[in-house]
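Before any comments, here is the structure.
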Amino acid sequence: WDNVGRMVYDQRICADYVEAAAVAVNSGNDLIMATPAFFEAAQEAVGRGLVDEEQIDDAVRRVLRLKFELGLFEDPRTPDSERQAKVIGCREHTDLNLETARRCLVLLRNEGILPLEGGLTSDGTGRAASRGTPRTIAVIGPNADSPEAMLGDWAGASGQVPWMPEGHPRELVETVLDGLRAVAPSGWSVTHARGADIAGPADDREWGIGPDGQPQAPVFTPAPVLQDQLEQAAAAAEAADYAVVVVGDTIALTGEGRSTATLDLQGGQIALLDAVAATGTP
């Protein structure tokens, strides 16, 4: 996005947007995802003599030719709300999503803990049938009850969806904690402790244009290890029969416009794993 502008403010190989627009058009870049900035700059580039008007005509011809070849003028393929209602979120797709998620799970090691209680089957309601002594599962970790962790980039609260600043409606997202509470046998207890944070803003910088006129983005750094969080997590694990620790990444560090220099667990997550492991709870 805005590959033309980036030649000015990121790569710094063009003096201004007009020069960058000329370089783009003359290099055969027919479609630019930044309007009206490119539109206005391209016109000025023609006026300055940096771009021949025939170059613009050639680019337009190529775009129109492709649209004709695709039949977009005969069938513009405008959104069909009825078809969307039938396809988006349909049972066939959700079943496929579930099967895909199941096949993506990787069990690195099992020391006789799984399946829990030797294997539990559904009681017909989707909840595991209870048998024997009720158990307690402690679900621990910064991603255990994080809707953002379940959705990823280009979802509510990711920064890419400005019309949903508070994120997706909570009732539409099922976290790991939600899922375990939904399927645990009746009488079992599912507790929760956050245990650690992953990352936080390094300063008060926000998305926008900085004092130097260049785009700026927030910078995040690993969160500190907080002793009270570790103690709460350890207490939850000690009081439980089983501990499920959910750690990983955060949308603040990965996604469009974001990157991280390491795949290591960030923030207090390693300390959290050590604290829970030290309790001896499987």
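Assorted remarks:
- Of Leu98, Leu272, Leu151, the one that fluctuates the most in a GNM where the chain has Cα springs shorter than 10 Å: Leu98
- Extension gain, Ala101-Ser130: 0.36 nm per intervening residue step, less the Cα-Cα distance, totals 7.9 nm.
- For the chain, share of DSSP beta bridges that run antiparallel, in % to the nearest 5: 45
- ³J(HN,Hα), Karplus 6.51/-1.76/1.60, whole Hz, each residue of segment 268-282, x for Gly, Pro: x, 6, 5, 4, 5, 4, 4, 5, 5, 4, 5, 6, x, 6, x
- Its relative contact order, with pairs defined as Cα atoms under 8 Å and 6+ residues apart, puts segment 3-69 at 30 percent.
- Summarising the amide proton neighbourhood of His192: residues at separation of 5 or more, or on other chains, whose placed amide H is nearer than 5 Å comprise Val139.
- Within a Gaussian network of the chain (alpha carbon springs, distance under 10 Å), most fluctuating of Ile270, Ile113, Ile137: Ile113
- The chain, relative contact order in percent, only Cα pairs under 8 angstrom and at least six apart counted: 15
- In this rough spin-label picture, where each label sits 7 Å from Cα along the Cβ direction, the Met164-Arg77 distance is 2.4 nm.
- For segment 113-279, averaging the sequence separation of C-alpha pairs within contact (under 8 Å, six or more residues apart) and dividing by the residue count gives a relative contact order of 28 percent.
- Which label in (1) 70, 48, 42; (2) 60, 54, 37; (3) 82, 47, 32 gives the computed Cα extents along the principal axes in Å: (3)
- Each of Met33, Met7, Met164, Met150 was scored by other Cβ atoms within 10 Å of its Cβ. Arranged with the fewest first, they read Met33, Met164, Met150, Met7.
- A Gaussian network model of the chain, with springs between Cα atoms under 10 Å, assigns the largest mean-square fluctuation among Ala21, Ala199, Ala235 to Ala21.
- Peptides 155-161, 258-264, 192-198 ranked from most to least packed, by the mean per-residue count of other Cβ atoms within 10 Å: 192-198, 155-161, 258-264.
- Alpha carbon centroid spacing (whole Å) that separates segment 242-264 from segment 29-52: 39
- Computed magnitude of the charge dipole of the chain (debye, nearest 20; Cβ of K, R +1, Cβ of D, E -1): 1000
Values quoted throughout were computed directly from the atomic coordinates according to the rules given, and no laboratory measurement underlies them. Owing to the predicted nature of the structure, the values given are computational and were not obtained by experimental measurement. Every residue, glycine as well, gets a Cβ built from its backbone with ideal geometry; the counts of neighbours run over all protein chains shown.
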